[in-house]
Amino acid sequence: MITLNDNGVFLRNGVPVSDASGDREEGRKKTIAYSILQKHNTSGNAGKLKIRFDAMVSHDITYVGIIQTARASGLTEFPLPYAMTNCHNSLCAVGGTINEDDHVFGLSAAKKFGGIYVPANQSVIHSYAREELAACGNMILGSDSHTRYGALGTMGVGEGGPELVKQLLKNTWDLDMPEVVLVYVTGKPKRGIGPHDIALALVKATFANGFVKNRVMEFAGPGLKNLPIDFRNGIDVMTTETTCLSSIWETDEITEGFYQAHQRPECYKKLAPGEGAYYDRMITVDLSKAESMIALPFHPSNAYTIHEFVANASEILAGVEKEAAAKFKGVSYHLTDKVRDGKVYADQGVIAGCSGGLFDNIDEAAAILKDHSCGNGYFSLSVYPTSVPVSLELTKIGATSELLKAGAIIKPSFCGPCFGAGDVPANDGLSLRHTTRNFPNREGSKPGEGQICGVALMDARSIAATALNGGVITAATDIEYEVPNHPYHFDKTVYENRLYYGYGKADPNAELILGPNITDWPKMEALTDNMLVKLAAVIRDPVTTTDELIPSGETSSYRSNPLRLSEFALSRRVPEYVGRSKAIHALDLERRDGKAPEELVRILSRFGNAAELLGNTQYGSCVFANRPGDGSAREQAASCQKVLGGYANICYEYATKRYRSNCINWGILPFTLPEGADFPYEEGDCVFIPNVREGIKNGNETFAAKVLKKDGSIDDITLLIKGLTPDEKTIILDGCLINYYAEQNK
C-alpha cells in the first residue's frame, strides 16, 4: 500500500510527475510547508529560518521546568498563548503531594504570567491544542514530541523545554529550511481499517531508512476526501514516529467542518500546494490496499499485518523474546506461550491518548462491541476519551453505555497508558494499545526488579474486535459490524466552567506557588579551554530512545526536581551510569575548588602538564550510543546527564533534531564520528579534547582528540560538531541556556 520514491517530483494538476526541466527552486516555494514556514520566519533569509510560533503547549511533566528557567532569565509575561495541560501526572499517585503541587504551580503561573490552564483530566495536551489553538496556516510549538496538528492546517513542532523558553523570551527556533516530502494519498479504506493501520504502515516504511528524518511531510491527493478528520488526526500524530520534523495537510471542506463544529469557523482557510509545487521525495499511500496492522514490542516500526502476524506468530514472538533477552539481562520475557491452537491471545486492550482516544475511534469500537461482551477471563479493556467534551458527546450518543455494558472500563482523559503510568499489565503480559509508542518499559514494567511485559500497537477497531473474541488477536476487517455515522458536536461549556483563560491578563502581583519538590537548577560551569570526559555508558543498540536515557512512568513525578530526577538517568538501560557519573563529577568539583585529585592528575599527566591542565580542563562523564534520542522530546534526557556532570555525547548520528537541541541547550557537546569511523572504546576509557573552547568559538567542525584506554594505551580520534548556529555556539560556551540568558541580562 506504500511506495517510496527518493527522486524529486512536481505536483501538476494535482498529479505528481517527474520533470527534469522544471524549476525546482521555484517549485519548492509552492509547497504548503514553505509558505507557512516563511510566514513565521523572522530572519529575512529563506534558507536560514528563525521561527516565531503562534501558540505553545506543555503538560505537567514539562511546564514547571520551562517556567522556572524562563523566570530565572527575566520572564515577566507570556508573549503568546501558552496552554498548560495536566495529562501526564494526573493520577497524583506517586511521591505524596508533588504531582498536585506542580498543578497548583501551573495555575499560579497562568495567573501571574497570563497563561491558559487546563486542569487534570479535562483534556490531553494535543486534544486541547486541536480543539482550541490550531488554525490553518499557523504554527504551534509543544514540549511533547507528538505536537502534530498538520491535518488541521497547522504545523506542529515538538521540542525540548529550552526551545519553549526561547519563545517565552521572544527569541526564535532556528533551523535550515527543511526538505519537504509529498505524501500522496489515493483510494479509500475498507471497513475495519482505522488511522493506526495507516500510521503503522507509514512508520514501518520510513523509520529505519530515515526516509523522512528531519523533513516535513506534506499530505495531498484524491484519497484525502475519503478520510474523516479524526482519521486524519490519528495518522498525523503518528508522523512523529517516522522522525520527520513536522507535517502539514491540504485542507478542504472536511477540515472546515472541524472548525465549524468547534465554533471557530474563522480559523479555517484553504491550504493547497501551488501548481508546479516541487517535493524532494514522495511517499504514495493507497488506502484501498490497507490491512489491519499490529506493531510488536519494542518499536512502532516493528509492524506486520495482523494476518501475517497470526500466521507466523511463534517465529515473530520468538524474535521479540530474543530482543528482550538482549536488552534486559537476567530477565526473560515469555511470549510464544501466547500462541495456542493457532490463535494468539493478548492480556489487555487500551484505547487512549492523542491517537487512540478520538471520538470516531471510540464510537466505532462501541459499535463493534454493541450487545456483546469482553468476556470474564484475563483479557480486559480500558478506554480513555481524549477530552471531557469528547467523553460528553460519547455519552450523549450512547457509545459509552455500550462499552460499559460490554465490560469495558471508561477512564478519564489521561496520557498515562502511552508512557507507563497507567494500566500496567501483569508480568509476561502483552497489552494491545491504540497509543503512540511501545518502546521498552512504556507499559510501566521494571525489568530491574525482575518484571517485564510489553505493548503491541493496534487500531481501536481491531482492539475492539479482539475484545469481542475474548482476547484472541483479531483484525477488525474480519468481523461484521455496522459502521456508525455520528456527527461530532463540541460542547465548550465544560471548558468555560473549569479552565482558566488568562492569556493577555498577566498579574505581576499574583503569587507563584512552589511546592517543596520544585527546585532550581544547580549552577553549571562555562565551557573550559579543554575537555576531558570518561565514558560512563556505552550503548551499541541500533537506536537508543529517550525513554532509555531517562525513564518515563513514575519517574515523571520528579521532573520538577532536577537532582532527584537525575537519580533515574539510564537506570533501566545502564544501571551503573548514575554511580559512575557521580564519581567522575565529584573529582571535577574538587578541581573547581582548586584541589588536585590524584586520579584526575594521573589521567591529565598522560596528555600534558597536569598542573597546568587542572585549571582549564573540565572533567565529566560521557555517553556513547550509536543513534541516541529517538522518541520523546523530554529535555530531561539531556539535563539529567548534565546535572550528574555529563559534558558530551558521542554517536554516529542523532536520532532526532530535538534530542541534539536538548544536548546543546544543556551545554552537552553533541559530538559525532566521521562516516565509516570505528568506536571500539568501553566504559572507563577517557577522551581528551584539547582547545575545545577555542574551536567552538571559531566555528570549527572537526576536533582532534585522544582516547586513553583502560590498558594505558592512547589512540588518536576525530570528533565532529557540525552546523552549530551562532546562538548555539554561545550557549555551549556559556555552559547551558540558563547561563546564556544570565550573561545577556548582566
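Nothing in this text is a laboratory measurement; each read-out follows from the coordinates by a stated rule. These numbers come from a predicted model, not from an experiment. Counting neighbours? That spans all protein chains shown, and the Cβs are built from the backbone with ideal geometry, glycine included.
Residue by residue through the stretch 329-345, which ³J(HN,Hα) values in whole Hz follow from phi under the Karplus form 6.51 cos²θ - 1.76 cosθ + 1.60 (θ = phi - 60°), with glycine and proline marked x?
After applying 6.51 cos²θ - 1.76 cosθ + 1.60, I find 4, x, 10, 9, 9, 9, 10, 4, 6, 6, 8, 9, 6, x, 10, 10, 9 Hz.
Please figure out what share of the DSSP beta bridges in the stretch 530-744 is antiparallel and state it in percent, rounded to the nearest 5.
45 percent
Using the Karplus curve 6.51 cos²θ - 1.76 cosθ + 1.60 with θ = phi - 60°, work out ³J(HN,Hα) for each residue of the stretch 703-716 in order, rounded to whole Hz, and write x for Gly and Pro.
The phi angles translate into 10, 7, 10, 10, 10, 9, 7, 5, 7, x, 7, 10, 10, 7 Hz.
Take the Cβ-Cβ distance between residue 186 and residue 744 as r, set R0 to 41 Å, and report the resulting FRET efficiency rounded to the nearest 0.05.
Numbers: r = 51 Å, r/R0 = 1.25.
With R0 = 41 Å, the Cβ-Cβ based efficiency is 0.20.
Two decimals is fine: what is log10 I(q)/I(0) at q = 0.11, 0.13 Å⁻¹ for the stretch 2-289, from a Debye sum with one equal scatterer on every Cα and no solvent?
Treating every Cα as an identical point scatterer, log10 I(q)/I(0) equals -0.65, -0.89.
What distance in nm lies between label points placed 7 Å from Cα along the C-beta direction at residue 326 and residue 505?
5.5 nm
When the dipole is taken about the Cα centre of the stretch 530-744, and only Lys, Arg (+1) and Asp, Glu (-1) are charged at their Cβ, what size is it in debye, to the nearest 20?
280 debye
Give the aspartates and glutamates reachable from residue 582 as a straight Cα distance under 15 Å; neighbours fewer than 8 places away on the same chain don't count.
Excluding near neighbours in sequence, the set is 567, 590, 599, 683.
If you take every DSSP beta bridge whose two residues both sit in the chain, what share of them, in percent to the nearest 5, is antiparallel?
Bridges in the chain are about 40 percent antiparallel.
Antiparallel as a % of all DSSP beta bridges within the stretch 2-289, to the nearest 5?
35 percent
If you count, for each residue, the other Cβ atoms within 10 Å and average over each peptide, how do 28-38, 619-629 line up from highest to lowest?
619-629, 28-38
From the square roots a ≥ b ≥ c of the eigenvalues of the alpha-carbon gyration tensor of the stretch 530-744, which class results: rounded (a/c under 1.5), prolate (a/b over b/c), or oblate? Let's see the in-between values first.
Values: a/c = 1.28, a/b = 1.25, b/c = 1.02.
The shape class here is rounded.
Tell me the net charge near residue 30. Cut-off is 15 Å between Cβ atoms, residue 30 excluded, with +1 for each Lys or Arg and -1 for each Asp or Glu.
Once all neighbours under 15 Å are counted, the net charge is -3.
Per DSSP helix of 4 or more residues, -39500 (n - 2.57); summed, then divided by the residues of the chain. What does that give at 222 nm, rounded to the nearest 500?
That calculation yields -8500 deg cm²/dmol at 222 nm.
May I ask you to list the trypsin sites (Lys or Arg not before Pro) in the stretch 582-624 that are in a DSSP loop and have at most 15 other Cβ atoms within 10 Å of their Cβ? If you can, show how the numbers build up before the last one.
On the way: sites: 582, 591, 592, 595, 602, 606; in loops: 595, 606.
Loop-located and lightly packed - 595, 606.
Exposure proxy check: 494, 57 ranked by fewest other beta carbons within 10 Å? Before the final figure, lay out the partial values.
Values: 494 15, 57 28.
Neighbour counts put them in this order, fewest first: 494, 57.
Only Cα pairs under 8 Å and at least 6 apart count here; give the relative contact order of the stretch 583-646 as a rounded whole percent.
38 percent
With just the Cα atoms defining each centre, how far is the stretch 71-142 from the stretch 248-285? Give it in Å.
27 Å
Please list, ordered by chain and number, the residues whose modelled amide H lies under 5 Å from the amide H of residue 432; skip anything fewer than 5 residues away on the same chain.
347, 348, 349, 350, 456
Direction-averaged shadow area of the convex hull around the Cα atoms of the stretch 1-133, nm²?
13.0 nm²
Mind giving me the FRET efficiency for residue 308 and residue 24? R0 is 35 Å, r the Cβ-Cβ distance, nearest 0.05 is fine.
According to the calculation, E is roughly 0.35.
Put +1 on the Cβ of each Lys and Arg and -1 on the Cβ of each Asp and Glu in the stretch 123-195; which of 154, 193, 127 then has its Cα farthest toward the positive end of the dipole?
Farthest towards the positive end: 193.
Counting only the backbone N, which residues of the stretch 85-119 are under 19 Å from the spot 7 Å out from the Cα of residue 512 toward its beta-carbon?
Counting backbone N atoms under 19 Å from the label point, the list is 85, 99-118.
Report the Rg/Rh value for the chain, based on alpha-carbon coordinates and the Kirkwood definition of Rh.
0.96
If you line up the long axis of helix 313-327 against the longest principal axis of the chain, both from Cα atoms, how many degrees apart are they, to the nearest 10?
On a 0 to 90 degree scale, this one is about 20.
Once amide H atoms are built 1.01 Å from N in the peptide plane, which residues 5 or more positions from residue 502, or in another chain, come under 5 Å H to H?
Amide H neighbours of residue 502: 115, 116, 117.
Using the Cα centre of the chain as origin and beta-carbon charges of +1 (Lys, Arg) and -1 (Asp, Glu), tell me which of 214, 631, 67 is placed farthest towards the positive end of the dipole.
Value: 67.
First select every other residue whose beta carbon is under 15 angstrom from the beta carbon of residue 347; then total the charges, Lys and Arg +1, Asp and Glu -1.
0
So what are the three principal axis dimensions of the stretch 154-241 from its Cα atoms, in whole Å, longest to shortest?
49, 27, 20
Per-residue counts of other Cβ atoms within 10 Å, averaged by peptide: what ranking do you get for 187-197, 165-175, highest first?
187-197, 165-175
Let me make sure I get this right: for the stretch 238-311, a, b and c are the square roots of the gyration tensor eigenvalues over alpha carbons, sorted descending. Under 1.5 in a/c it's rounded, otherwise prolate if a/b > b/c, else oblate. Which is it?
Taking the square roots of the gyration eigenvalues as a ≥ b ≥ c, the stretch 238-311 is prolate.
Determine the distance separating the Cα centre of the stretch 493-561 from the Cα centre of the stretch 315-394; give it in Å without decimals.
30 Å
With +1 on each Lys and Arg Cβ and -1 on each Asp and Glu Cβ, and nothing else charged, work out how big the dipole of the chain is about its Cα centre, in Debye to the nearest 20.
Computed charge dipole of the chain: roughly 780 debye.
Could you give each residue of the stretch 84-93 its phi-based ³J(HN,Hα) in whole Hz, using Karplus coefficients 6.51, -1.76, 1.60 with θ = phi - 60°, and x for Gly or Pro?
Per residue, the Karplus-derived 3J(HN,Hα) values read 10, 9, 10, 10, 10, 9, 6, 5, 6, 10 Hz.
Given 268, 246, 293, which one lies farthest toward the positive end of the charge dipole of the stretch 242-294, if we put +1 on the Cβ of every Lys and Arg and -1 on the Cβ of every Asp and Glu?
246
Step through the table entries 213/722; 225/396; 166/657; 225/370; 269/396; 523/729, compare each Cα-Cα distance with 21 Å, and write down the pairs that go over it.
225/396; 225/370; 269/396
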